[in-house]
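Just so it is clear, none of the values below were taken in a lab; they were calculated from the coordinates. No experiment lies behind these values; they were computed from the predicted model shown. Ideal geometry is used to build each Cβ from the backbone, glycine not excepted, and the neighbour counts take in all protein chains shown.
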Amino acid sequence: MSDIQNVPLLLIDNLRVTFGSGNTQTEVLHGLNLQVCRGEAVGLVGESGSGKSVASLAVLGLLGNAGRISGGRIVFDGEDLSLASEARLRALRGRRVSMIFQDPATALNPAFTIGTQLADVIRAHRPLRGRAIGEEVRAALERVGFRDPRATERAYPHELSGGMKQRAMIAAAIVCEPALLLADEPTTALDVTVQAQIVELLGKLVKEMDLGLVFITHNLDLMAELCTRAVVLKQGNVVEAGTVRDIFLQPSHDYTKHLIASIPRLPAMPAARSIHAKEAHDVR
């Protein structure tokens, strides 16, 4: 790995996020530390309400009027985003930093075709016009696995299955070739077979595009298939961080142990065996 790849693309340093105002302020993220390099997928794991999505929204500057960064830094490619203006953040969103939301059925606009929605992203961030935009739209759709991108670009969201909608969302996220991708529970609404396909696609994109990926999930098995390192959150606190192998095989915190124990699996397939099977597959 080169020296450039060893420098974190994203460095979240002691991040604290607070919601409310006056005497009704509540801190919901208490000192998150996380870093992601180019070509690396890092998991952010925890149950609902643990602060995973809040962290991703803080990176993008999308906490809204009620939320604010009350401490720490978010350094992306050498720039502290916690100090960036709204205009600067707007320029970065979708171009250098993109997000895959957990429910494509609500994230996609039902009134416009898939092609129109991808084209709008391109027009907002890239100096392309006319036929060149269509070519980029079809290239992105093909990259995420659509065999007939021309048909897909003419389709409306309701004409696509759940897995196809998610692929379209991923296409919209990568169409401007960002450096960092935030995937917020991208497999939640999908069946297990499609979940595996989406995770495989994300892993492929990380390698092909040299992306930094933050994979936000409560599903530790899916995280183990994609990520090399992970951070475990509980009620806004980091309770454990390390390699995926160590977290699965030698968890140090009871909360992590309970998360692992809650994973449904066949009696003959404990978590440790799942990790070993993945390693054997990677070697092959």
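Going by a ≥ b ≥ c, the root eigenvalues of the Cα gyration tensor, does the range 112-176 fall in the rounded group (a/c under 1.5), the prolate group (a/b larger than b/c) or the oblate group? The partial results should precede the final answer.
On the way: a/c = 1.70, a/b = 1.68, b/c = 1.01.
Prolate is the answer for the range 112-176, as a/c is 1.5 or above and a/b outweighs b/c.
Backbone phi angles across the range 228-233, fed through the Karplus curve with coefficients 6.51, -1.76 and 1.60 (θ = phi - 60°), yield HN-Hα couplings of 9, 10, 8, 10, 9, 10 Hz in residue order; Gly and Pro are listed as x. The phi torsions of the range 93-110, fed into the Karplus equation with coefficients 6.51, -1.76 and 1.60 and a -60° offset, translate into couplings of 4, x, 9, 9, 10, 10, 10, 9, 7, 6, 10, x, 5, 9, 6, 7, 7, x Hz, rounded to whole numbers, with Gly and Pro shown as x. With the simple spin-label model, which puts each label point 7 Å out from Cα in the Cβ direction, the residue 131 to residue 21 separation comes to 5.3 nm.
Spatial offset of the range 8-73 relative to the range 79-142 amounts to 22 Å, using the alpha carbon center of each.
The amide H of residue 29, built 1.01 Å from its N in the peptide plane, has 17 as neighbours under 5 Å, considering only residues 5 or more places off or on other chains. Close amide H pairs (under 5 Å, H built 1.01 Å from N) link residue 231 with 43, 44, 45, residues at least 5 positions away or on another chain. The phi-based Karplus calculation (6.51 cos²θ - 1.76 cosθ + 1.60; θ = phi - 60°) puts the 3J(HN,Hα) values of the range 16-29 at 10, 10, 10, 10, x, 8, x, 8, 10, 8, 10, 7, 10, 10 Hz, whole numbers, x for Gly and Pro.
Fewest neighbouring Cβ atoms within 10 Å first, the residues 165, 52 line up as 165, 52.
Backbone amide hydrogens, once placed in the peptide plane, bring residue 71 within less than 5 Å of 16, excluding anything fewer than 5 places away on its chain.
If you rank 158, 258 by fewest surrounding Cβ atoms within 10 Å, what's the result?
158, 258
Protection proxy ranking of 227-236, 247-256, 189-198, by the mean of other Cβ atoms within 10 Å over each peptide's residues and highest first, is 227-236, 247-256, 189-198. For the pair residue 150 and residue 249, label points projected 7 Å from Cα toward Cβ lie 5.1 nm apart. Here the peptides 34-45, 62-73, 10-21 are ranked by packing, the mean other Cβ count within 10 Å, and the order with the highest first is 34-45, 10-21, 62-73.
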